[in-house]
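For reference, the structure discussed in these notes is given below.
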Protein chains: 2
Amino acid sequence: MPTIEDVARAAGVSLSTVSYALSGKRRISEATRLRVERAARELGYRPHAGARALASSRSDVIALAVPFRPGLDVQIVMQFVAGVVAAARTHGRDVLLLTADDPEEVARVAASSTADAVVVMDVASDDARLPALRALPVPSVLIGVPDDTRGLSCVDLDFTAAGRLAVSTLAEAGHTTIGLVSASATRLAEGANYAVRMRAGALAGAAAHGVELLQVPSEPTFAGGAAAVQEAFTRGPRPTALVVHNEAALGGVVSALERLGLRVPADVSVVAVAPSEIAAALPIRLTTVEVPGQRIGRIAVEMAMQRMGGDDTAETRLVAPALLDAEVSVARCAAQPA
Amino acid sequence: MPTIEDVARAAGVSLSTVSYALSGKRRISEATRLRVERAARELGYRPHAGARALASSRSDVIALAVPFRPGLDVQIVMQFVAGVVAAARTHGRDVLLLTADDPEEVARVAASSTADAVVVMDVASDDARLPALRALPVPSVLIGVPDDTRGLSCVDLDFTAAGRLAVSTLAEAGHTTIGLVSASATRLAEGANYAVRMRAGALAGAAAHGVELLQVPSEPTFAGGAAAVQEAFTRGPRPTALVVHNEAALGGVVSALERLGLRVPADVSVVAVAPSEIAAALPIRLTTVEVPGQRIGRIAVEMAMQRMGGDDTAETRLVAPALLDAEVSVARCAAQPA
DNA sequence: CTTCACAGTCGAAGCGCTTCGCCATCCAGA
DNA sequence: TCTGGATGGCGAAGCGCTTCGACTGTGAAG
């Protein structure tokens, strides 16, 4: 492998000149710079990442901690990952993937200068990793908002607003009894804060519009979604609309509605809260409150870059929800009978 | 951050002794070693990754190239990724995630000593990245088997055997007309070699048993699977069994069968070729030829480790397929009418 | 009592890069 | 002609680690 010295020799300049010419950190005459660049190109020179990291104390690597827990929704996670990697590359950073659900791993890559920032996914309200993250010698950005955000940078969809938006959309179309197919009771209890916040927003929206909200937790599976529909339409007051915030159950919900002979939106209105890609893969098109995974991943990286740049004010950013395909699966039904 | 020098001072030994004590590369007396380890622990010492990489010319990082192409089956990919990351960690390696479908990226991390091995996923028969991979200054392992494997290490499920196994299982249960719900025609044409090999195996199995194989390509979506079922059961000879090698369409297939009033396995037998996790998430249990993503990912890392260890013989490993839940969704029907 | 092997430790030379301070030029202004 | 600020480039000092050769003391062998 050619080193910077080979380039210097080929270009007839000193080591430091090559470094400055390639990094642009000092003025180098046009002519010299071109000569250096040409030599580098012809030799196929690539700076040794380790040497550079050692000398500059920056690794240009961002660690991404994605705990591969059972029950994790892979589809969603990949959206975030894709956003993170893409954004990192536009900043010339590589992404190191950590999958162990162990703060020690994150501490290791941070303390060994393997990575100079950390993005942590799937953060729970009361996440066990929080103390470790606060103690990190490098900036971190959490995707998800824990209860106590002191000293931590966080970003997520504004799920509260998303819940409110979903319910409002339906309420304004005239629905008065709305079912919320949410995460499983277990997940809710575990403090999966997105689910909790979503529910709070939905409840607030229901209260504001004076409509009834039926909570129907669902397992994150096809069968779970089907069972949730079964439950929603056979027990207690019958909803005329559904908000589904459970990507893995979405397919089951749609399929079960069809099996019950319920047409969307004629017989029942449905609003999905999901990444648009997942909604698009369904057999029917649904009105969707988008969970913009890629965008959030991208923002997480931007926030990390900012903090690497010296701005050490922790900040929580909540991305405003947007409605896709509005009206596609939401029917007006002001006079709908119970 | 404490350096090796701090540890040496705290333990009252020289720099090199610390290095040897912690790495075990030379004999160090028990007493000294314990003293060093204690000092390191108490100081919270972590070797600087860059410095180590520079001095030892090993980064202890494995690059994983996963082209995030549209239409990629995220579920499957994650299986492989999980296997790669887990195996890498057991070898003390971290994983750098590359998602650009560009050999330049791989070349960059290899040439800059950012990674000292590369695992490349989703390799096509005639993959454009092949020349670049052959020219890499570090070992590479491909997941997937291109047409020309010269000089390349490859690993994958033995899809030919898998196809044969799926068809044989059904043929031996008495089926004589079998539908193969495969990847889309586009994918097949693109040279998605797993699909091609699978089909070849299935055809071979059909020929060997003297049964008829109906090919039904399907888009990798729920709707695609449903459409494929529709096509299989309304056009031409009616199959009594289905082999489904299209994970994303699997849900649609099952749902469509149900809608047509076809019971599994009473009316139609079904064998899925899919990761067990995906099969398990379906509303019904299916006989499954497992695509052991995690295992293959793990093997890829083992192969990379081996080549890093100096063994530079390229090798192609095909993992034998296994049948899960045999008989669950395959009915005997030797006397089934056409 | 020397000699020798060997276990255990140390010193120092890099690994390839960044970056700081400094030195030449060169030209404008006095 | 001299001064002084740009401008462009150079030299050298590290960054923190690994690793090679060499050194020391110890006990066994001669």
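Quick notes on this one:
- Filtering A:Val84, A:Val7 for residues that are within 16 Å of DNA strand C (Cβ to nearest atom), modelled with pLDDT of 95 or more and not in a strand (DSSP E or B) leaves a single hit, A:Val7.
- Some residue of region B:12-23 being more than 12 Å from DNA strand D (Cβ to nearest atom) and farther than 24 Å from A:Ala49 by Cα: yes
- The numbered conditions (1) outside any loop (DSSP other than H, G, I, E, B); (2) away from DNA strand D (no atom under 11 Å from the Cβ); (3) at the interface with chain B (Cβ under 9 Å from one of its Cβ atoms) are all true for A:Phe68 except (1).
- The requirement of being under 25 Å from A:Ser112 (Cβ atoms), crowded, with 19+ Cβ neighbours inside 10 Å and within 12 Å of DNA strand D (Cβ to nearest atom) is not satisfied by A:Ala88.
- Filtering region A:148-159 to residues that are surrounded by fewer than 21 Cβ atoms within 10 Å (Cβ to Cβ) and closer than 13 Å to A:Tyr194 by Cβ leaves only A:Asp158.
- Restricting region A:98-125 to residues that are under 21 Å from A:Ile76 (Cβ atoms) and part of a loop (DSSP other than H, G, I, E, B), the residue that is nearest to the other protein chains (Cβ to nearest Cβ): A:Thr99
- Any hit, region A:34-42, residues being within 7 Å of DNA strand C (Cβ to nearest atom), at pLDDT 95 or above, within 27 Å of B:Pro137 (Cβ to Cβ) and not acidic (Asp, Glu): no
- Residue match in region A:82-97 (condition: of a type in the set (Asp, Glu), under 26 Å from B:Ser59 (Cβ atoms) and within 14 Å of another protein chain (Cβ to nearest Cβ)): yes
- Scanning region B:31-56 for residues that are of a type outside the set (A, V, I, L, M, F, W, C), in contact (Cβ under 8 Å) with a residue 24 or more places away in the chain and more than 8 Å from every other protein chain (Cβ to nearest Cβ) returns B:Arg35, B:Arg38, B:Glu42, B:Tyr45.
- Options B:Ala280, B:Ala272: the member that is touching a residue at least 24 places away in the same chain (Cβ under 8 Å) and either in contact with a Pro (Cβ under 8 Å, 6 or more places away or on another chain) or not charged (D, E, K, R) (or both): B:Ala272
- Number of the condition not met by B:Asp73 [criteria: (1) under 25 Å from B:Tyr194 (Cβ atoms); (2) among the charged types (D, E, K, R); (3) not assigned by TED's automatic domain parsing to the domain that holds B:Leu142]: (3)
- Any hit, region A:126-138, residues being more than 14 Å from the chain's Cα centre (by Cα), surrounded by fewer than 23 Cβ atoms within 10 Å (Cβ to Cβ) and over 27 Å from A:Glu190 (Cβ atoms): yes
- Considering region A:167-272, the qualifying helices (runs of 4 or more DSSP H), each wholly inside and each with 3 or more residues that are away from every other protein chain (no Cβ under 14 Å) and surrounded by fewer than 24 Cβ atoms within 10 Å (Cβ to Cβ), run over A:185-190, A:193-209, A:222-234.
- Pairing residues of region B:10-23 that are at pLDDT 95 or above with residues that are near DNA strand D (Cβ under 10 Å from one of its atoms) and outside any helix (DSSP H, G or I), at Cβ distances under 8 Å and at least 6 apart in sequence or on separate chains, gives B:Ser19/B:Lys25; B:Tyr20/B:Arg26; B:Leu22/B:Pro47.
- Checking each residue in region B:91-106 for being among the charged types (D, E, K, R) and either closer than 23 Å to A:Asp116 by Cα or touching a Phe, Trp or Tyr at 6+ places or on another chain (Cβ under 7 Å) (or both) picks out B:Arg93, B:Asp94, B:Glu105.
- Checking the stated criteria, A:Asp148 turns out to be acidic (Asp, Glu) and free of Cβ contacts under 8 Å to residues at least 60 places away in the same chain.
- Filter result for A:Arg27 (outside the structural domain of A:Leu98 (by TED's automatic domain parsing), more than 7 Å from DNA strand D (Cβ to nearest atom) and either in a loop (DSSP other than H, G, I, E, B) or modelled with pLDDT of 95 or more (or both)): no
- The sole residue among B:Ala49, B:Ala39 that is within 24 Å of A:Thr90 (Cα to Cα) and within 16 Å of DNA strand D (Cβ to nearest atom) is B:Ala49.
- Considering A:Ala281, A:Ala266, A:Ala300, A:Ala314, the condition of being aliphatic (A, V, I, L, M) and at pLDDT 95 or above is satisfied by A:Ala300 alone.
The values are calculated or read from the model by the stated rules, or taken from the named source; none is laboratory data. Please read these numbers as outputs of a predicted model, since none were measured by experiment. Reconstructed Cβ throughout: ideal geometry from the backbone, glycine too, with neighbour counts over all protein chains shown.
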